[in-house]
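See below for the structure under consideration.
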Amino acid sequence: MNRDIIKFYEKMYKIRCFEEMLLKLFSENKLQGTTHTSIGQEANAVAVMSNIRNEDFVFSSHRCHGQFIAYSDDIKILLSEIMGKQTGMCKGRGGSQHICYRHFYTNGVQGGIIPNATGMALANKMNGKQEAVVVAFLGDGTLGQGVVYESFNLAALYSVPILYVVEDNGYAMSTKTQEGVAGSMTARAEAFGIRTAEITSNDVMVLNENMEEAFRYVRTTGKPFCQVIHTYRLGPHSKGDDFRDLNEISEWSKKDPLKIAEEKIERDVVAQIRSEVEEELQEAILEADQAQADDGEEMCREKWSAGETGSLFNCDDIRCVESLNAGLRASMYNCDNIVLLGEDIRDPYGGAFKVTKGLTAHFSDRIMNTPISEAGVLGLGIGMAMGGLKPVIEIMFGDFITLGFDQLLNHATKYNWMYAGQVNIPVLIRVPMGGGRGYGATHSQSLEKYLIGIPNLRVLAVSKIHNAEALISRILEGIDCPTILIEDKKMYGEKLYIEKAGKINMFHVRESEAAFPIYRLTFDEEEVPDATIITYGSGVDIAMEAARELMLGDELLVNIIVHTCLSPVDTRAMIGYIGNCKNIVSLEEGTLRNGWGAEIISQLAENLTGCKYGRIASENCVIPCGEELEKKVLPDKDKVICEIRRIINE
């Protein structure tokens, strides 16, 4: 008798018992939330995992229990995780769908993890891990997600060692495959030049032979491979939502992978395996039941590294674009795991706004032109960060970041927390924002307000006060979390302000002691100002013009506070610079409703008394094309002056 079949059967039976136990616990109201079993698909998981080596990686989805058990052979930490206990591999934070253990990662958003897996494979290739294979599981229903095809394209373009395993179990929740997937499954990957194979089987031995060949191909060629497995899910999609035809289920039950395996094993061996597995399961239930849940204190706190401090004032006669370019150049010289990705960023073009121009000659192997594929490229960068690189992604126009919003919200910013600190995502996303160039509705927006509310996402903004080279270098030197850098397009060709002897132009200037400081500009350091403008980025120019005019025309002293970090906000430093001023306005280029200024003022209102507030921002409408029409929508010095006069004279 083949010893492999005994080993395979033991794992399959363990998966089956574990998942049937979960459904029972849910029915008894002893578990909360949801779960997704792979009853009937156990042979797939076992066949794939029998070919995994220590250096390999596995990415999966919501239906991951079987794959995890086949990978780790540890049902105790899995049950503890699902029960929300500290002894789970993610301290109970991830639960049933969100697992991280060694090189095994899952997430519940369909298709979203596929570009992350592809990015990990690219990182392995760039790090010289030639034979490491990344496995990415997806279901037939996931073939409806566009980011899957973006990932196929990227995997083929960059020739990365990844094995996509498509498990076609006949249904996407309750929708039959033929109602949700048109054409051929294999042709979808083949269209990108990816070698593909297809099999219909529940026999773990047959599947194992099939997977041996798939792994061999990826390891020896370093190229992607797609394996489609036609199978059947005998259990419900989730806990009790099964409306399929009972006769159909009965027919497939005859092809149960456990029954097929049992026919190849002596009865007494089967009985012994069952007894041992059931005993192990009872021990797991007892241990998980007695374990404690997380106290929640650490769980509810965002963690931000302090980072290097020191002045970020600019002292050079240099344009903003040149300073940003110098920062990337210096950082790449100092750190060989920084990789730049974006559309048209290689020479001779050098990016839409020329921030990367000239870098290709020095770092050709680390500057990658990408397809027009924002979601895929953001996801790729996240996977590369998981693999030990520091990706810097340029979004050509900030408006397009909406195409990759899922990757920010449900992947990059969730992994560290969801996986209880086991994973960091050191990725920098450079985002040109703003109008003023007449580009129109979809190339002129300032979308910061859609980003600042995402937990664990650091949002920074460069201004003409900053030494942009030093800012970029500081970000990349200490980066350990997803970071957005807002770059206003109007500033690229403009000279940065030069700080000299504590002054910028006619303003006295101070800088807080922080990695990403707050600045205060004033005409008089001794007097209490009549008003304070709080802004960032290109708002600095508008604020300075308004402050000068109000001083000369109205004899009003107006201070300016400039934020580098838009989220999280350093409220204490901001309040310190406000001092006894009672008239405060926020200034931003995004639309007024629910903007960054609303958040700033709400924080101040919670901490200060007796103040009056105003907000200046773009009108709550779409940005028109052409500079003359733009001026009617965007904020300017006249609108700032009008608002300051209003609140002072109330």
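Loop only per DSSP, at most 13 neighbouring Cβ atoms within 10 Å: give me the trypsin sites (Lys or Arg not before Pro) in the range 94-186, ordered by residue number.
ARG102
Between LYS255 and ALA361, what is the label-to-label distance in nm when each label sits 7 Å out along the Cα-to-Cβ direction?
6.2 nm
Length gain on complete extension for the stretch ILE647 to ASP73, per 0.36 nm per residue less the alpha carbon to alpha carbon distance?
Taking ILE647 through ASP73 to full extension adds about 200.0 nm, to one decimal.
Along its principal axes, what span do the Cα atoms of the range 524-650 show, with the longest given first and each in whole Å?
Dimensions of the range 524-650 along the principal axes of its Cα atoms: 43, 36, 27 Å.
Mind computing the radius of gyration and Dmax over the alpha-carbon atoms of the chain? Å is fine for both.
According to the Cα coordinates of the chain, Rg and Dmax are 28.3, 98 Å.
Could you work out Rg/(2.2 N^0.38 Å) for the range 257-336, with Rg from alpha carbons only?
Compactness ratio reported: 2.61.
Taking 51 Å as R0, compute the FRET efficiency from the Cβ-Cβ separation of ALA197 and ASP344 and round it to 0.05.
The pair ALA197/ASP344 has a calculated efficiency of 0.90.
When the expected Rg is taken as 2.2 N^0.38 Å, what fraction or multiple of it is the alpha-carbon Rg of the range 7-146?
Here the answer is 1.04, to two decimals.
Before rounding to the nearest 500, sum -39500 (n - 2.57) across all DSSP H runs of length at least 4 in the chain and divide by the residue total; then give [θ] at 222 nm in deg cm²/dmol.
It comes out at -11500 deg cm²/dmol, rounded to the nearest 500.
Can you give the extra length, in nm with one decimal, that the chain gains between CYS335 and GLU628 once fully stretched, where that is 0.36 nm per residue apart less the Cα-Cα distance?
Fully extending the segment from CYS335 to GLU628 adds 101.0 nm.
Take the Cβ-Cβ distance between ASP268 and GLN32 as r, set R0 to 35 Å, and report the resulting FRET efficiency rounded to the nearest 0.05.
Efficiency, from the Cβ-Cβ distance: 0.30.
R0 = 41 Å: FRET efficiency of GLU279 with ASP480, Cβ-based, nearest 0.05?
0.40
Where Lys and Arg each count +1 and Asp and Glu each count -1, what net charge lies around LEU143 among other residues with Cβ under 10 Å from its Cβ?
-1
Roughly what would the spin-label model give for ARG548 and GLN86, points 7 Å off Cα along C-beta, in nm?
Roughly 6.0 nm, to one decimal.
Where does helix 146-158 land angle-wise versus the long Cα axis of the chain, in degrees 0 to 90, nearest 10?
Taking Cα atoms only, the helix is inclined about 90 degrees.
Peptides 538-547, 525-534: what's the order by average Cβ count within 10 Å, highest mean first?
Ranking, from highest mean packing down: 538-547, 525-534.
Out of all Cα-Cα pairs in the range 283-327, roughly what percent, to the nearest whole number, are more than 11 Å apart?
81 percent
Run the 1.4 Å probe and let me know the accessible area of HIS103, rounded to the nearest 10 Å².
50 Å²
Using only Cα atoms, locate the centre of the range 369-395 and the centre of the range 72-118, then give the distance between them in Å, rounded to an integer.
23 Å
Tell me the net charge near GLU469. Cut-off is 9 Å between Cβ atoms, GLU469 excluded, with +1 for each Lys or Arg and -1 for each Asp or Glu.
Net of charged neighbours comes to -1.
Using a 1.4 angstrom probe on heavy atoms only, work out the carbon and sulfur share of the accessible area of the range 339-464 in %.
Of the solvent-accessible surface of the range 339-464, carbon and sulfur hold 57 percent.
Any chance you could give the angle, 0 to 90 degrees and rounded to 10, that helix 204-221 forms with the longest Cα principal axis of the chain?
40 degrees
Sort the following peptides by mean Cβ neighbour count (other Cβ atoms within 10 Å, averaged over residues), highest first: 607-618, 341-352, 264-275, 452-463.
Ranking the peptides 607-618, 341-352, 264-275, 452-463 by packing returns 452-463, 341-352, 607-618, 264-275.
Between helix 3-27 and the chain, what is the angle of the helix's C-alpha long axis to the longest principal axis, kept within 0 to 90° and rounded to the nearest 10?
60 degrees
So, with +1 on the Cβ of K and R and -1 on the Cβ of D and E, and no other charges, what is the size of the charge dipole of the range 504-618 about its Cα centre, to the nearest 20 debye?
Using only the charged Cβ atoms, the result is roughly 400 debye.
Take the alpha-carbon centre of the range 273-346, take the same for the range 188-226, and report the distance between them in whole Å.
Between the Cα centres of the range 273-346 and the range 188-226 lies a distance of 32 Å.
On a 32 Å Cα-Cα criterion, which of the cross-link pairs LYS390/LYS612; LYS129/LYS489; LYS464/LYS632 come out too long?
From LYS390/LYS612; LYS129/LYS489; LYS464/LYS632, over 32 Å: LYS390/LYS612; LYS129/LYS489.
Where does the range 575-639 land on the Kirkwood hydrodynamic radius, alpha-carbon pairs, in angstrom?
One decimal place: 13.0 Å for the Kirkwood radius.
State the answer as a single residue: which of CYS17, GLY610, VAL166 lies farthest towards the positive end of the charge dipole of the chain, with beta carbon charges of +1 for Lys and Arg and -1 for Asp and Glu, about the Cα centre.
Checking the options against the dipole of the chain, the answer is VAL166.
Could you check the simple spin-label distance between ALA605 and GLU297, using points 7 Å along Cα→Cβ, in nm with one decimal?
3.3 nm
Divide, for the range 232-282, the radius of gyration over alpha carbons by 2.2 N^0.38 Å, where N is the residue count.
1.46
If you add up the charges near ASP295, with Lys and Arg at +1 and Asp and Glu at -1, over every other residue whose beta carbon is less than 14 angstrom from its beta carbon, what do you get?
Residues close to ASP295 contribute a combined charge of +1.
Please go through the residue pairs LYS24/LYS264; LYS76/LYS239; LYS357/LYS637; LYS85/LYS239; LYS449/LYS500 and name each one whose alpha carbons sit more than 23 Å apart in this structure.
Long pairs (Cα-Cα over 23 Å): LYS24/LYS264; LYS357/LYS637; LYS449/LYS500.
What length, rounded to one decimal in nm, is gained on full extension from ARG3 through to PHE243, with 0.36 nm per residue of separation minus their alpha-carbon distance?
Going from the current span to full extension adds 82.5 nm.
Which cross-chain or sequence-distant (5 or more) residues have an amide H under 5 Å from the amide H of MET368, H modelled 1.01 Å from N in plane?
It is LEU340, LEU341, GLY342, by chain and number.
Take every DSSP beta bridge with both residues inside the chain and express the antiparallel ones as a percent of the total, to the nearest 5.
Antiparallel: roughly 25 percent of the beta bridges in the chain.
Would you please put 151-162, 314-325 in order of how densely packed they are, using the mean number of other Cβ atoms within 10 angstrom per residue and starting with the highest?
Ranked from most to least packed, the peptides come out as 151-162, 314-325.
Let me understand the range 517-561 better: what is its radius of gyration from the alpha carbons, and its Dmax, in angstrom?
Over the range 517-561's Cα set, Rg and Dmax evaluate to 10.0, 31 Å.
The values are calculated or read from the model by the stated rules, or taken from the named source; none is laboratory data. These numbers come from a predicted model, not from an experiment. Quick reminder, even Gly has a Cβ in these numbers, built from the backbone with ideal geometry, and neighbours come from all protein chains shown. Only protein heavy atoms, including side chains, enter the accessible area calculation; ligands, DNA and RNA are left aside. Shrake-Rupley method; radii C 1.70, N 1.55, O 1.52, S 1.80 Å.
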